[in-house]
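The values are calculated or read from the model by the stated rules, or taken from the named source; none is laboratory data. All values derive from a computational prediction rather than experimental measurement. Counting neighbours? That spans all protein chains shown, and the Cβs are built from the backbone with ideal geometry, glycine included. The accessibility values were calculated without ligands, DNA or RNA, using every heavy atom of the protein model including side chains. Shrake-Rupley method; radii C 1.70, N 1.55, O 1.52, S 1.80 Å.
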Amino acid sequence: MMALFDWMAEATGPVLKGQGVVLRPPRPSDYMAWAALRDESRDYLQPWEPAWAEDDLTRAAYRRRLGVYAREMEQGTAWPLFVFDSADEALLGAVTLSNIRRGVAEAGSLGYWIGRPHAGRGACTAAVRAMLAHAFGALGLHRVEAACVPTNHASRRVLEKAGFRQEGLARAYLKINGRWADHLLFGVLDDEFAACIDPPVRVSDPS
């Protein structure tokens, strides 16, 4: 257990703990595990994601990705977190709260992916719940939105189990795997989440 807390303390930014999962910002040392999991899950993920760049899994592209993440977290506009198994510290996927709007909105948009070997085991739902607890707790947001392709039944189940409600359909909403795709729109409010979920707790926020 001490090794786990030492590992969490190395992260820069929020470290969140959910049911069987730990979320923290990605680090350069995560590259090999990230690239391997993404490559292994390519056929599983690509139907639901924007088209991957040719160099998407290279170390240089990963460094650029981390640079973008660091700027977004510094500005408070997005919180991209990797998801790890709390038992063996294996990388499972990622959850990102992005497009954070303050003022009259106090809202953000949620995205996530889980590697093929870990799908269907509840880790994605646990990670989404942990991020929602952070969004409605430490970040003080009022609303979190999400969207999924209508045929992505697994993603829809994750959102519903995490407390989201379907709110509509947006035509040609996002360009997915090279084609404009309709999306189901979902939302959850802070009081709805508090009423239906026993939220996971924030472990730490290293400075």
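Table: residues versus (1) assigned to a helix (DSSP H, G or I); (2) in contact (Cβ under 8 Å) with a residue 24 or more places away in the chain; (3) among the charged types (D, E, K, R).
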residue: PHE82; (1), (2), (3): no, yes, no
residue: GLU89; (1), (2), (3): no, yes, yes
residue: ARG121; (1), (2), (3): no, no, yes
residue: VAL144; (1), (2), (3): no, yes, no
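State all residues of segment 147-171 that are within 11 Å of VAL188 (Cα to Cα), small (Gly, Ala, Ser) and surrounded by fewer than 23 Cβ atoms within 10 Å (Cβ to Cβ); if no residue qualifies, say none.
Of everything in segment 147-171, just one residue is within 11 Å of VAL188 (Cα to Cα), small (Gly, Ala, Ser) and surrounded by fewer than 23 Cβ atoms within 10 Å (Cβ to Cβ), namely GLY163.
Which residues, taken from segment 95-128, are under 19 Å from GLN166 (Cβ atoms), in contact with a Gly (Cβ under 7 Å, 6 or more places away or on another chain) and either open to solvent by less than 20 Å² (accessible area, probe 1.4 Å) or among the hydrophobic types (A, V, I, L, M, F, W, C) (or both)?
Within segment 95-128, CYS124 is the sole residue that qualifies.
Among the residues of segment 188-200, are any under 18 Å from the mean Cα position of the chain (by Cα), exposed (fewer than 13 other Cβ atoms within 10 Å of the Cβ), aliphatic (A, V, I, L, M) and modelled with pLDDT under 95?
Checked segment 188-200: no residue is under 18 Å from the mean Cα position of the chain (by Cα), exposed (fewer than 13 other Cβ atoms within 10 Å of the Cβ), aliphatic (A, V, I, L, M) and modelled with pLDDT under 95.
Just to verify a result, which residue in segment 129-142, among those that are surrounded by fewer than 17 Cβ atoms within 10 Å (Cβ to Cβ) and in contact with a strand residue (DSSP E or B) (Cβ under 8 Å, 6 or more places away or on another chain), is nearest to PRO14 (Cα to Cα)?
The extreme case among them is ALA138.
Of all residues in segment 69-103, which are among the aliphatic types (A, V, I, L, M) and modelled with pLDDT under 95?
ALA70, MET73, ALA87
Suppose we keep only residues that are part of a loop (DSSP other than H, G, I, E, B) and of a type outside the set (A, V, I, L, M, F, W, C) within segment 146-168. Which one would you say is nearest to LEU37 (Cα to Cα)?
ASN152
Output the residues belonging to segment 94-119 that are out of contact with any Phe, Trp or Tyr (no Cβ under 6 Å at 6 or more places or on another chain) and part of a helix (DSSP H, G or I).
PRO117, HIS118
Hey, can you tell me all the residues within segment 18-35 that are open to solvent by less than 20 Å² (accessible area, probe 1.4 Å) and at pLDDT below 95?
Of everything in segment 18-35, just one residue is open to solvent by less than 20 Å² (accessible area, probe 1.4 Å) and at pLDDT below 95, namely GLY18.
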